[in-house]
Amino acid sequence: MVRILDPDGDAERACQEILGRKMTSAVSMYVEALRAIEQLYGLAAVGAVQEHQMRKWVAAAAERRELAEETSLRAYCGSLEEGCRGSHLWEKLEESETRQAYRFTRCLWAELFRSLNAEDIGVWICEADGPVAAAFNPGIRFQRTKTLMEGDDCCDHIYYVEADS
């Protein structure tokens, strides 16, 4: 693999800008479609879409569990971190076999949905954090008291396994 040095970070910033534009376009279309569904069919229809989306996310996590060599808390959090690279900023506050805690201070999803005044839709991603973790490993529990999507200064994620799990 050839690695191009970019001491000023210009290439990285350019890639982030391109990715940001593409994601904004996709999220904007998603939000517009959901707003149209809401206008035509009401909140119950949007709720049905939300439930469908949650089922898809949970099913994908269960599929990852079936394919995973390891389903420990550490493995789950490693996968979480890999998925957040490039789109989130975080600090890991705790790391053990039974507890992993994070403080997320930037989330591209929150920025995109908030810029579209669609936090009510974007929060679906946040609401999936616990169910997705449990689908990957039924022993994993999740706790959070703050979300960037809802205007807090951070997302405080705690993933843990109970002693008897």
- Query: Out of (1) touching a residue at least 40 places away in the same chain (Cβ under 8 Å); (2) under 26 Å from M29 (Cα atoms); (3) in contact with a Cys (Cβ under 8 Å, 6 or more places away or on another chain), what's the single condition that is false for A118?
  - Reply: (3)
- Query: So which pairs qualify, if the first residue must be in region 138-162 and in contact (Cβ under 8 Å) with a residue 12 or more places away in the chain, the second must be among the polar types (S, T, N, Q), the Cβ gap must be under 7 Å, and the two must be at least 6 apart or on different chains?
  - Reply: G139/S165; C154/T105; C155/T147; D156/T145; I158/Q143; Y159/Q100; Y160/T98; V161/T98
- Query: Out of Y76, Y102, which single residue is hydroxyl-bearing (S, T, Y), crowded, with 16+ Cβ neighbours inside 10 Å and not in a helix (DSSP H, G or I)?
  - Reply: Y102
- Note on the structure: Out of (1) closer than 16 Å to W109 by Cα; (2) free of Cβ contacts under 8 Å to residues at least 24 places away in the same chain; (3) touching a Phe, Trp or Tyr at 6+ places or on another chain (Cβ under 8 Å); (4) among the aliphatic types (A, V, I, L, M), the one L93 does not meet is (1)
- Task: Look through E70, E82 and report the one residue that is out of contact with any Ser or Thr (no Cβ under 7 Å at 6 or more places or on another chain), part of a loop (DSSP other than H, G, I, E, B) and over 26 Å from V49 (Cα atoms).
- Result: E70
- Query: Out of all the residues in region 106-165, which are more than 23 Å from L73 (Cβ to Cβ), aliphatic (A, V, I, L, M) and more than 14 Å from the chain's Cα centre (by Cα)?
  - Reply: L116, A118
- Item | Hits in region 22-70 (condition: at pLDDT 95 or above and hydroxyl-bearing (S, T, Y)) | S28, Y30, Y41
- Any chance L89 is within 20 Å of E12 (Cα to Cα) and either touching a Cys at 6+ places or on another chain (Cβ under 9 Å) or modelled with pLDDT of 95 or more (or both): yes
- Answer yes if at least one residue in region 124-141 is part of a loop (DSSP other than H, G, I, E, B) and at positive phi, and no otherwise. no
- Tell me, yes or no, whether region 87-95 has at least one residue that is surrounded by fewer than 15 Cβ atoms within 10 Å (Cβ to Cβ), over 20 Å from L148 (Cβ atoms) and not aromatic (F, W, Y). yes
- Task: Looking only at region 11-21, decide whether some residue is under 26 Å from R106 (Cα atoms) and at pLDDT 95 or above.
- Result: no
- Got a number for residues in region 116-145 being touching an Asp or Glu at 6+ places or on another chain (Cβ under 8 Å), loosely packed, with under 15 Cβ neighbours inside 10 Å and within 30 Å of E32 (Cβ to Cβ)? 0
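The values are calculated or read from the model by the stated rules, or taken from the named source; none is laboratory data. As the structure is a prediction and not an experimental result, all values here were calculated from the model. A quick note on method: Cβ atoms are made from the backbone with ideal geometry, for glycine too, and the neighbour counts reach across all protein chains shown.
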